[in-house]
Amino acid sequence: MLMMGFLFSARECSEIKYLIRKELEEVLFDLGDYRTDEIVRKTMEERYHMLFRMYARFVSPKELAKYIRNKKYK
C-alpha cells in the first residue's frame, strides 16, 4: 500500500469536494438501474466505496450522510 500526502488550498479542496460529489451522484444513479449486468454492478460498487471514503476526508458527517446507500435496495 502506498500512502501519499498533499497540501491543497481552500479553493482546491472545494473543487475536489465538488468533483467527488458529482461522481458519487453519477455512480449512485447508475447503481439504481437494475438492468445493469452483475459484473458491471460489482465494479460500480467498488468505485462507490472508494469515492465515498475519499469524500469522507473532505466533508462533515452530516454532508457525508447524504451519500450513504440504503442497503434495502441492494
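Where does the charge balance sit around Glu63 when Lys and Arg score +1, Asp and Glu -1, over other residues with C-beta under 9 Å from its C-beta? Present the calculation step by step, with values, prior to reporting the outcome.
Working: positive: Lys17, Arg21, Lys62, Lys66; negative: none.
So the surrounding residues net to +4.
With every protein chain kept in place and ligands, DNA and RNA left out, what is the accessible area per residue of segment 10-66? Probe 1.4 Å, answer in Å².
Details: 4360 Å² over 57 residues.
For segment 10-66, the per-residue accessible area is 76 Å².
Could you tell me the calculated FRET efficiency between Cys13 and Asn70, based on Cβ-Cβ distance and R0 = 35 angstrom, to the nearest 0.05? Please report the intermediate quantities before stating the final value.
Details: r = 28 Å, r/R0 = 0.81.
That gives a FRET efficiency of 0.80.
Would you calculate a helix-derived [θ] at 222 nm for the chain, using -39,500 (n - 2.57) for each DSSP H run of n ≥ 4 and dividing by the full residue count, to the nearest 500?
On the way: 3 runs with 45 residues, N = 74.
-20000 deg cm²/dmol, from helical runs alone.
Pairs of Cα atoms under 8 Å, at least six residues apart: use those to get the relative contact order of the chain, whole percent.
Working: 24 pairs, mean separation 26.6, N = 74.
Averaging sequence separation for qualifying contacts and normalising by length gives 36 percent for the chain.
What percentage of the solvent-accessible surface of the chain, computed with a 1.4 Å probe over protein heavy atoms, is contributed by carbon and sulfur atoms? Walk me through the numbers on the way to the answer.
On the way: 3790 of 6370 Å².
Roughly 59 percent, rounded to a whole number.
(i) 176; (ii) 251; (iii) 105: which one is volume of the Cα convex hull per residue in Å³ as calculated from this entry?
(iii)
The values are calculated or read from the model by the stated rules, or taken from the named source; none is laboratory data. Not measured: the values here are computed from a predicted model. All Cβ positions, glycine included, derive from the backbone under ideal geometry; neighbour counts span all protein chains shown. For accessibility, only protein heavy atoms count, side chains too; no ligands or nucleic acids. Shrake-Rupley method; radii C 1.70, N 1.55, O 1.52, S 1.80 Å.
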